[in-house]
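A short reminder: the numbers here are calculations on the coordinates, not readings from a lab. Only a predicted model underlies this, so the values are computations on that prediction, with no experimental measurement involved. When we count neighbours, we look across all protein chains shown, and the Cβ atoms used for this are built from the backbone with ideal geometry, even at glycine.
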Amino acid sequence: MPNTKSAEKRVRGNVRKAARNQSIKSRLKTLERKYVTALTAGKVDEAKTALLSVASAYAKASKDGVVHKSTAQRKRSRLQLRLNAAAAAPKAAA
């Protein structure tokens, strides 16, 4: 239990921030899952548009401090690498 008025205020703010962060992280995971699903199904064009939305969401989340800047950059980089590999695979098979 908070002992001072300022501590009470901090608790209220922390609850609001935690709910916002949880919502943003959940959205990131959903977008990433949608991207991976499109990629594994072989829908490269759909995966490209999904990657744009995932990359944008990670950039916004890192800007707001929900995820660390380096984490967002690493995730975006790895997702892009997967897309590049998937796009190159049909060309190699043909």
Checklist entry - Only one residue in 63, 34, 25 is assigned to a helix (DSSP H, G or I), closer than 30 Å to residue 1 by Cα and charged (D, E, K, R). Which one? => result 25
Checklist entry - Which residues, taken from segment 61-94, are closer than 28 Å to residue 17 by Cβ, without any contact (Cβ under 8 Å) to a residue 24 or more places away in the chain and either of a type in the set (D, E, K, R) or surrounded by fewer than 17 Cβ atoms within 10 Å (Cβ to Cβ) (or both)? => result 63, 65, 68, 69, 70, 71, 73, 74, 76, 77, 78
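Taking segment 37-60 on its own, how many of its residues are part of a helix (DSSP H, G or I) and basic (Lys, Arg)?
Number of matching residues: 2.
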